[in-house]
Each structure stands twice: as C-alpha cells, then as structure tokens.
Amino acid sequence: MSARILYGKDFAAQIKESARVEIESLKNKFGVTPGLAVVIVGENPASQVYVRNKHKTCVELGINSTVVAMPETSTKEDLLAKIDELNADKNVNGILVQLPLPAEIKAHSEEILNRIDPLKDVDGFHPVNVGKLVTGSPALVPCTPAGCIEMLDLAGIKIDGKRAVIIGRSNIVGKPMLHLLMARHATVTVCHSHTKNLADVTREAEILVAAMGRPKFVTADMIREGAVVIDVGINRIAPKKLVGDVDFDAAVEIAGAITPVPGGVGLLTVAMLMKNVVTATKLQLKIS
Ligand code: NDP
C-alpha cells in the first residue's frame, strides 16, 4: 500500500484563497485593509528568508505589510518601545516578532512577546491567547498547529473520536496541537524525551504528529497501518537538503496519508498567518 500524500501547496492555496476573499470583504464592507508588521532584529539569513516570504504572501493577498528591520545591537528597551508604537498604530492589525532574537536579548524573548497586544498577537504566543486556547475559546492560535487542523479538514480526514499521538510538547507546536485536537474530540497522548517505549505509544495513533526536530526519527515500525502522519519537523541535514522527523520513504508504505518534507506542513504556516491577520482585524473591529 502507498499512502495518500498530503501536499502542503494544495491546502495552502485553499487557505490563502479563503483569506483573500475575507480581506476583499473587509475592504469593501468596512473600508479596512488589514495590516501586518513583522519585526526582525539582526541579520539571521534563515529569518530573513522567512520574513521575505511573509511579506510576499501579504502583498499577494492584499494585506499591508510592514517589515521593521532593527539592528543586531537593539536593546530590550528598543524592542519594547517599537512594540508599544505598533500596538498603538491603528493601521497595524497584526504584530509578529521573528524568532530567534539575537543572543544578547534572547533571554528577554518572553517579556518582548508578552508586550504585544493580545488582539494583535498573530503568532498566538501571548499568555492571554494561550489561556483562551486551553479554555476552549480560541482567538489567535499558533499558525503551524492551526494549519495542520485546517489541512485535515480540507483533506476530509475525520478527527472526532480518533486516537491521536503527538511527539513533542513545545509551546509553538506540541502543546497547542494537543488542545486543538482535543477540542475536536480526538483522544490525545503527548510524548516527549522522557516517554518510555515511544514506539508502543506511537503505534496506537490513528493520527500521528511528529514535532520533535530529529531527522527521520519516526521509522515505519513506529507507525500504525493506515495512520495519518503529519510531519512538522524541518531538519537541515546538508546545505541544500531538508528532511522531516519521519522516515518518509519507509513511512509512505505503511501510512494511510502523510505530509512530505519539504512541501508539507511548512507551506501551511504562512497561509495560516494570513488567516490570523484577518482574524485579528475582525477581533479589533468586533465583527465575526
Ligand atoms: P522544540 O525543540 O521546542 O521541541 C521538541 C520537542 O520534541 C520537545 O518537547 C522534546 O521533548 C521532544 N523530543 C526531542 N527528542 C525527542 C525524542 N528522542 N523522543 C521523544 N520526544 C523528543 O521544537 P519545536 O516544537 O519548536 O519544533 C519541532 C520541529 O518542528 C523542528 O524540526 C522545527 O524546525 C519544526 N517546526 C516546523 C514549523 C513549520 O512551519 N513546519 C514551525 C515550527 C517548528 P522534551 O520536551 O522532553 O525536551
């Protein structure tokens, strides 16, 4: 058996199209053009690529995009002042600080992110948004796990009642994924580096989410036959070679459906960011 391949570009295109329609309607009905400000500090080449991508997608969909490039030498106070300015700017509906921050201010990442107005927090990292996700009234949800759920829906894959296993418990992927899957009535187990007999747990999964950052760690024998395998991992194993957390070539023979890397979940993240900018704008306008 060979699995159905869930290509990110197909789903990302649908997510972006639905965002584009909503952006158009915000302009026509309310005279509002959603705006996103992305703050980037320093010269990290990978971050620069991500920020360029976000800017390009904003332009494509009709979102006003501002890239705020700050020098490597910026202090915590510089960043907090910039965020205060963006919080107060009515033309900015979404604010995102590109991570990682330079080593000198990295320790202050949490304080800096927490300064973003929760209504403009399009990354969904602010404790207010995390709390809403946990209590079941989600507003702005982290883009990568939200994109995975959207993909399952668009692919017609049922979540309700399924046995789901997530490998990884980070604030960005694993934990929000737990709450999103649980809210959709899956029975969820979260595994991490202290989990004993990991393969025994993962083999129970009808939906398996790998988000650990370990190249090709999930082998075919860890996968239940017919499972939906979502590979969130992005691991650079050579200058031009990216692989996921799943051994794709072997897994594709046993899974029922699987996302490739590259070309899978990664593409959903930027598309969901655009959706979050729309959601943030609607929250600020108090419309549903
Ligand atoms: P983190 O490093 O923050 O978390 C990794 C998690 O995996 C931790 O909870 C860790 O456990 C767990 N883990 C690590 N090794 C093992 C192991 N051997 N067995 C079981 N669990 C293990 O990573 P992120 O969540 O930020 O990212 C995960 C992956 O997803 C990365 O490859 C990253 O590049 C990718 N990513 C992709 C995105 C996209 O757009 N597609 C967006 C965000 C991330 P413990 O908590 O015990 O340390």
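Rule-based calculations on the coordinates, nothing more; no lab input. Predicted model only: the values in this text are computed from it and were never measured. As a convention, Cβ positions derive from the backbone with ideal geometry for all residues, glycine included, and neighbour counts pool all protein chains shown.
Of all aspartates and glutamates in the structure, not one lies under 14 Å Cα to Cα from residue 240 without also being fewer than 8 positions from it along the same chain. Counted by neighbouring Cβ atoms within 10 Å, the residues 234, 166 run from fewest to most as 234, 166.
Against the chain, whose longest principal axis comes from its Cα atoms, helix 76-88 is set at around 80 degrees. Only aspartates and glutamates eight or more places from residue 158 in sequence, or on another chain, were considered; those with a Cα closer than 17 Å are 150, 204, 206, 225. Global dimensions of the range 1-87 from alpha-carbon coordinates: Rg and Dmax equal 17.1, 57 Å. Between 190, 223, 254, the Cα set farthest toward the positive side of the dipole of the range 127-254 (charges on each charged residue's Cβ, about the Cα centre) is that of 190. Candidate cross-link partners of residue 27 among the aspartates and glutamates, defined by an alpha-carbon separation under 20 Å and a same-chain spacing of 8 or more, comprise 17, 60, 89. Only helical runs count toward this figure. For the chain, summing -39,500 (n - 2.57) over DSSP H runs of n ≥ 4 and dividing by all residues gives -13000 deg cm²/dmol at 222 nm. Dipole size of the chain about its Cα centre, with +1 on Lys/Arg Cβ and -1 on Asp/Glu Cβ: approximately 360 debye, rounded to the nearest 20.
Ordered by the number of other Cβ atoms lying within 10 Å of each residue's own Cβ, fewest first, 63, 5 fall into the sequence 5, 63. Net charge dipole, the range 30-120: roughly 340 debye, given to the nearest 20, about the Cα centre with Cβ charges of +1 for Lys and Arg and -1 for Asp and Glu. Backbone phi angles across the range 170-184, fed through the Karplus curve with coefficients 6.51, -1.76 and 1.60 (θ = phi - 60°), yield HN-Hα couplings of 6, 5, 7, 10, x, 5, x, 4, 3, 5, 5, 5, 5, 4, 9 Hz in residue order; Gly and Pro are listed as x. Rounded to the nearest 10 degrees, the inclination of helix 143-154 to the longest alpha-carbon principal axis of the chain is 60 degrees. Across the chain, C-alpha contacts under 8 Å between residues 6 or more apart give a mean separation that, scaled by the residue count, equals a relative contact order of 23 percent.
Helix 45-61 and the longest principal axis of the Cα set of the chain meet at an angle near 80°.
For the chain, what percent of Cα pairs sit more than 35 Å apart? Above the 35 Å cut-off, the chain has 18 percent of its Cα pairs.
Placing +1 on each Lys and Arg Cβ and -1 on each Asp and Glu Cβ, with no other charges, gives the range 143-267 a dipole about its Cα centre of roughly 420 debye. Close amide H contacts of residue 218 (hydrogens built in the peptide plane, cut-off under 5 Å, sequence separation of 5 or more or a different chain): 246, 247. Translational diffusion coefficient of the range 143-267 (Stokes-Einstein, Kirkwood radius from Cα pairs, 4 °C, 1.567 mPa s): 92 µm²/s.
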